[in-house]
1. Using the basic label-point model (7 angstrom from Cα toward the beta carbon), what is the B:K322 to B:R28 distance in nanometres?
2. Could you tell me the calculated FRET efficiency between B:Q168 and A:R124, based on Cβ-Cβ distance and R0 = 41 angstrom, to the nearest 0.05?
3. Sorting B:D422, B:D133 on the 10 Å Cβ count, fewest up front, what's the list?
4. Efficiency by 1/(1 + (r/R0)^6): what FRET value for A:M1 and A:E237, r their Cβ-Cβ distance, R0 = 30 Å, to the nearest 0.05?
5. Report the net charge of residues surrounding B:K336, where surrounding means a beta-carbon distance below 15 angstrom and charges are Lys +1, Arg +1, Asp -1, Glu -1.
6. Net charge around B:P138, counting only other residues with Cβ within less than 13 Å of its Cβ (Lys, Arg = +1; Asp, Glu = -1)?
7. Give the lysines whose C-alpha is closer than 22 Å to that of A:K43, dropping any in the same chain fewer than 8 places away, or say none.
8. Where in chain B lies the longest segment free of chymotrypsin sites (Phe, Trp or Tyr not before Pro) that are both loop residues by DSSP (not H, G, I, E, B) and have at most 16 other Cβ atoms within 10 Å?
Amino acid sequence: MKPTLSIRNLHVAVGGTPILRGVDLTIRYGETHALMGPNGSGKSTLGLAVMGHPNYEVSEGTIDLDGQNILEMTPDERARVGLFYAFQRPVAIPGVKMADFLRHATTNVRNPQRQEGEELIPMRVFREELRTKMEQLKMDAQFARRYVNDGFSGGEMKRAEILQLAMLQPKFAILDETDSGLDADAVRLASQSIAEIGREKMGLLIITHHDKLLEHNPPDFTHVMLGGRIVESGSAELAEELHRYGYERIRRAYPEADAQNRVMAHEEVA
Amino acid sequence: MDVTIQSGFSAAAFEAALAAAQEPGWLRDSRRAAWRSFLDLAWPARDGEEWSRTDIRTFKLDQFAPLLDGPVPSVEPAGLLRAGVDLAGRLTAVNGRITAVELEPAWQQRGVLFGNLSELLSDHEALLRPYLDQPLVPPSYDRFSALRAACWTAGQLVYVPRGVVVDQPLHLLSVIGDGAADVSQTLVVLEEGAEATVLCEMEGITGTDAGLHCGALDIIVRPGAHLRIVNLQNWGQGTWHFAHQKAVVQRDASLQWTIAAMGSRLSKVNQHVELAGIGASSQVNGVLFTEGKQHIAYHTLQHHRAPSCRSDFLYKGALQDKSRIVWRGMIKVDPKAQQTDGYQRNDNLLLGAQVRADSIPGLEIEADDVRCTHGSTSGRVDDELVFYARCRGFTRKEAIQTIVTGFFQQIFDRITIESVRDALALAIARRVREYA
Ligand SMILES: Nc1ncnc2c1ncn2[C@@H]1O[C@H](COP(=O)(O)OP(=O)(O)OP(=O)(O)O)[C@@H](O)[C@H]1O
Ligand SMILES: [Mg+2]
């Protein structure tokens, strides 16, 4: 059986405020899923909760990877069993070079049993692999010597996230607006790269507001999140519909979720 | 003479040491004068600004054995800065006694003086007397400087003659064991156009030793000379460390001074750079790392006395457990020191929940055409950074170690001696623990 990430009835609150209200989602290895939904509907919250962000309290529901409950795991244990989240807003780690950061990350993720202080991947082997992957992503070699996300442009940060995806080769990856902040050429390159790195070689959940990324990574399934729930799922056509016509139909069809979403996003209730 | 060395710094012990040392009369006289100052002065009071944050009420001088021939433990101190480095010279001091000196013959032939200041004094009295007659920090400054001027036994000298470029580092390593006192006078002189790299390293024998170090470091960089100097203070965590360090940088000379303070129970250091000639330039890189109940206080002064000089002081501290850092910086610009470029900054990373960092930058500017900037920050490790690194497979401890090392990287980037950079990064990474 293919590895499966399965999320059941997931309820997540931040600082006591409920954000996710019963999310169900099953992703099999090799599948591509699109997750769409208006601002503030809870998409990033889902990604952060899957990785175990300490501020996101799971009050109900389960997340299993191959039948293994991951809710008991720390974020690094989740990374080591093959989960990856490309941040919508990556943070800078001043003074830590991309290459050093990635060497350590790659070592830990590839050797899940590694103990603190044990050897890292040999420098030469790592450098060679990093160089190759950076070339494929058309990234300047200089990039590896810069500090993690420090002073990166929005586009550079997203490309750095893709580079990490390429190096870590997870089983399941959630890409949170990895196409935002990129210029037209960069979006095309990013979309192609993700297709090369991820398609059929992992389970992908692509969170996006644009259609370019999905053009190169046609989703097997599309899900729409509203007010902290997945209110509708469908095929690639659903994504196309939403790109073309927006969320008007969805909001009308699910007035309760729509109201929740407006409260969460601090919008005036219509 | 029936003096026991365990009795502390008594008058009898002082006289006995003086009798045994066979030093020139002028030096005995100045030691006696300093001893009188020592007797007259009280320990610094807490009501003055300089000592208001540094409490030495539990410091008892007579718990430490000074001066006379106590047994020198036979230790082979390793030091963090010696490994894998080709050295031009190396000196070792144990419990305030110089126990070994080596200088490559090539440098000896070129007139470099390196080693035991007391011994070198007999052959080079005329050259060295002025520095000892007029130490950069006068014996009367406070009771510690008086004690040091009266009682120093660990005299260390680095003297590089005019135009000589010593292209390998000179290493001075001092160790103190439990109950021992190291009262030291270190003198570094670079004559015109000379260049050298000096690594001063201090460590405890076991890492927890309760010793005393009271010392002075006098640095003179003559016109056009270039000195890189490193002070790695890694005393055992029971040791009291009182130091006066002062450098005078003359016309078109440069000083790169790296300090790393990680050891001791309590440190009180006055670090003073005087820009004394036109075009002099100085860079200070300070790395402070404290844990347990350590208290490290740095009082720094960058004194611009001549026009067109540069001073660039950056200190970064990280604090664990219940430790404390006090940093007080001052840029002083004399009226004639126009076109001064002065910078001072102290950033602290608070790792433990009960740490405290006091950061007090200051400016005293009497010239009108200057550029001086200063600043300080204190903050905790950002949980979002820890989470990000953990999402990429770092354990919590590894994430914090990486973030702390990154915090110091800005300083490491400024240190031009690779072995020092690597040794410091490693020493710090090893000390960072996990925090809940
Ligand atoms: N750490 C937090 N603290 C407070 N509120 C939060 C936090 N994280 C999320 N929220 C709230 O949860 C709701 C969902 O946020 P989330 O970031 O998941 O939305 P999103 O669907 O990713 O939106 P966008 O498309 O704008 O990225 C929002 O109302 C947001 O303000
Ligand atoms: Mg989002």
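1. Between B:K322 and B:R28, the simple spin-label model gives 4.9 nm.
2. Details: r = 29 Å, r/R0 = 0.71.
It comes out at approximately 0.90.
3. Details: B:D422 16, B:D133 11.
Taking fewest neighbouring Cβ atoms as first place, the list is B:D133, B:D422.
4. Plugging the Cβ-Cβ distance into 1/(1 + (r/R0)^6) gives 0.60.
5. Values: positive: B:R251, B:R305, B:K332; negative: B:E274, B:D334, B:E364, B:E366, B:D368, B:D369.
It works out to a net charge of -3.
6. Working: positive: B:R143, B:R148, B:K246; negative: B:D133, B:D142, B:D218.
Taking every other residue near B:P138 into account, the sum is 0.
7. A:K158, A:K171, A:K212
8. Details: sites that count: B:F59, B:Y435.
My reading of the result: B:60-434 is the longest stretch.
Values in this text are rule-based calculations from the coordinates and carry no lab data. Not measured: the values here are computed from a predicted model. Cβ atoms come from the backbone with ideal geometry, glycine included; neighbour counts cover every protein chain shown.
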